[in-house]
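Submitted below is the structure of interest, expressed as structure tokens.
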Amino acid sequence: MRLTEPQIRSLYGQDVQDRSGATIGTVGQVWANPAGEPTWVSVRTAGTGHRESMAPLQAAQWQADRLRVPYDRTTVRTAPAVEPGTDQPLGADQLTLLHRHYQLPPEGAAGRPERPGPPELTRFEEQARFDTETVPAGTARLRKRVVTENVHTTVPVAHEEATLVREPIAEADRGTVPAGTDTEQREMVLHAERPVVVKERVPVERVRLASHQVVEQRPAHAQVRREVVEADVPEEARPQE
């Protein structure tokens with residue numbers, strides 16, 4: 001991937017996405033070949049601790065705000081890693097491990113000899129890489145309804161009671177007392193308290209939904225195919241047992 005110097009500088013800190021568009025991490029460092037072309041980047045991911053996984057820029061697609069590599073997230077996360085902020089060039093052993101991990105041809109490898117070599121076939125097989133994806137698992141709802149319950153208590157109440165109070169009239173005051181009739185009636189209103197209920201609607205509690213992640217082991221199965229190479233050798237050319 002050919003980039004200008006300003007484009008190379010702008011790669012630092014950009015999001016790195018896998019081939020499905022899911023974000024893996026961000027660009028930490030950029031390495032270039034002797035011609036000055038960027039060839040490798042380190043990716044800061046949440047799953048590699050204090051080290052940054054390496055990813056090749058070969059066949060990568062770069063836009064103004066993100067870099068997409070043609071690999072899945074697990075492949076990048078499990079790639080050989082480097083220390084953050086390193087300024088060391090990649091050694092031959094590191095490049096060998098990286099090319100083996102990403103199944104890339106080694107850099108600077110010599111071409112085949114001109115003379116015909118022995119016939120050979122390359123055998124391929126499928127390898128299953130298991131990853132996870134986040135999917136909706138259900139909807140939790142908060143629902144409020146009204147229930148009726150009985151509340152029992154005691155309330156202190158007061159009431160008035162009538163009592164007779166007898167007060168003698170002194171002889172000197174008898175002349176001031178008006179003459180009454182033989183039958184008289186007087187009334188006094190007595191009062192009593194009774195329990196009453198006053199209802200008011202007040203806030204008493206906040207209830208909310210919260211989620212937490214639980215990790216569990218679930219079986220995953222896949223069928224993979226592999227190639228088998230067989231040789232048809234004439235009888236006279238077979239090794240003698």
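The values are calculated or read from the model by the stated rules, or taken from the named source; none is laboratory data. Keep in mind that this is a model prediction, so the values were computed, not measured. Heads up: the accessible areas ignore ligands, DNA and RNA and are worked out on the full protein's heavy atoms, side chains in. Shrake-Rupley method; radii C 1.70, N 1.55, O 1.52, S 1.80 Å.
Could you state the angle between the C-alpha long axis of helix 92-102 and the longest principal axis of the C-alpha atoms of the chain, as a value from 0 to 90 degrees rounded to the nearest 10?
70
Gap in Å between the Cα centre of the stretch 1-33 and the Cα centre of the stretch 174-241?
47
Still on this structure: Could you sort Trp31, Trp62 by their accessible area in this structure, using a 1.4 Å probe and putting the largest first?
Reading off the accessible areas and sorting them downward yields Trp62, Trp31.
Amide H to amide H, which residues 5 or more places from Thr39 or on other chains are under 5 Å from it, using H placed in the peptide plane?
Trp31, Ala32, Asn33
Then there is this: Using θ = phi - 60° and the Karplus relation 6.51 cos²θ - 1.76 cosθ + 1.60, list the HN-Hα couplings for the stretch 157-162 in order, rounded to whole Hz, with x at every Gly or Pro.
Those phi angles translate into 10, 10, 9, 8, 10, 8 Hz.
Mean separation of Cα pairs under 8 Å and 6+ residues apart, divided by the residue count of the chain: what relative contact order is that in percent?
Relative contact order here is 14 percent.
Let me ask another. Roughly speaking, to the nearest percent, how much of the chain's 1.4 Å accessible area is carbon and sulfur?
That share works out to 49 percent.
How would Asp182, Asp72, Asp15 rank on accessible area, largest to smallest, probe 1.4 Å?
Asp182, Asp15, Asp72
If you compute Rg and Dmax of the Cα atoms in Å for the structure shown, which of (i) 46.3, 166; (ii) 17.1, 64; (iii) 17.4, 55 do you land on?
(i)
Could you go through the stretch 60-65 in sequence order and give the Karplus-derived ³J(HN,Hα) for each residue, using 6.51 cos²θ - 1.76 cosθ + 1.60 with θ = phi - 60°, rounded to whole Hz, and x for Gly and Pro?
These are the phi-based 3J(HN,Hα) values: 6, 10, 10, 10, 5, 10 Hz.
If you don't mind, another one. Which residue fluctuates the most in the chain, going by a Gaussian network model with Cα springs under 10 Å, if the choices are Gly180, Gly36, Gly28?
Most flexible of the set in this elastic network: Gly180.
A further question follows. With a probe of 1.4 Å, find how much accessible area the chain has per residue, and write the answer as a whole number in Å².
Accessible area per residue: 92 Å².
A follow-up question, please. Pick from Arg19, Arg225, Arg145: which is most flexible by mean-square fluctuation in a GNM of the chain where alpha carbon atoms under 10 Å apart are linked?
Highest fluctuation among the options: Arg145.
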